[in-house]
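Take a look at the structure below.
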Amino acid sequence: MERRRIIGYILLALAAVICLVSNVWFIIKMPMGGQKVEYLLLHALPEVIVVALITFNFIRPQTIAYRKKLDVFRLRVKNEAYYTIDPDGYRYVSHGAAAVLIVIAFSVDVMKLLGQQPLARMGSGTFLIILLPLTMVVILWGEVKARLAHPDL
């Protein structure tokens, strides 16, 4: 559990650093004007919100979320409580990898907005081609392990 939590925190820190660097680079390189504010609101703000939500989920893993469940016997919809992070900690890894994947997707979008081609250079292209499927595999692995360990979550 502790090892997976540490791995999740490392992945979240990596996502936060990539988010910070891409947003600062975008603010510095983007020409001034109303279009800069529009791009900041449409591209930087959702990225920061996603990282903040995943950080909140890491800080407060015992926060109870609710799912809607149909109660057939009483003919009503009731809230069913469940914890956002499983007891074994596999979702720390999968949420951290999801944060990295989302932040890299936004960073590639920012690079395209600034006229850079992320796949044009050999090093960055190879990095993206290796890292993106790897993060997807880690996300799927974490979710499958969490479901197999605790099917009720």
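No value in this document is a laboratory result; all are computed from the given coordinates. In this text the structure is predicted, and so the values were computed from the model without any measurement. As a convention, Cβ positions derive from the backbone with ideal geometry for all residues, glycine included, and neighbour counts pool all protein chains shown.
One compactness figure for the chain is 1.26, namely its Cα radius of gyration divided by 2.2 N^0.38 Å.
Based on the convex hull around the alpha carbon atoms, the range 1-80 presents an average projected area of 8.5 nm². Listed by chain and number, the lysines whose C-alpha is less than 17 Å from the C-alpha of residue 29, apart from same-chain residues fewer than 8 away, are 112.
In terms of the mean number of neighbouring beta-carbon atoms within 10 Å, the peptides 4-14, 41-51 order highest first as 4-14, 41-51.
Could you work out [θ]222 nm for the chain from helices alone, using -39500 (n - 2.57) per DSSP H run of at least four and dividing by all its residues? Round to the nearest 500 deg cm²/dmol.
-23000 deg cm²/dmol
Distances between placed amide hydrogens fall under 5 Å for residue 30 paired with no residue 5 or more residues away or on another chain. Taking every alpha-carbon pair within the range 81-135, the share separated by more than 14 Å comes to 63 percent.
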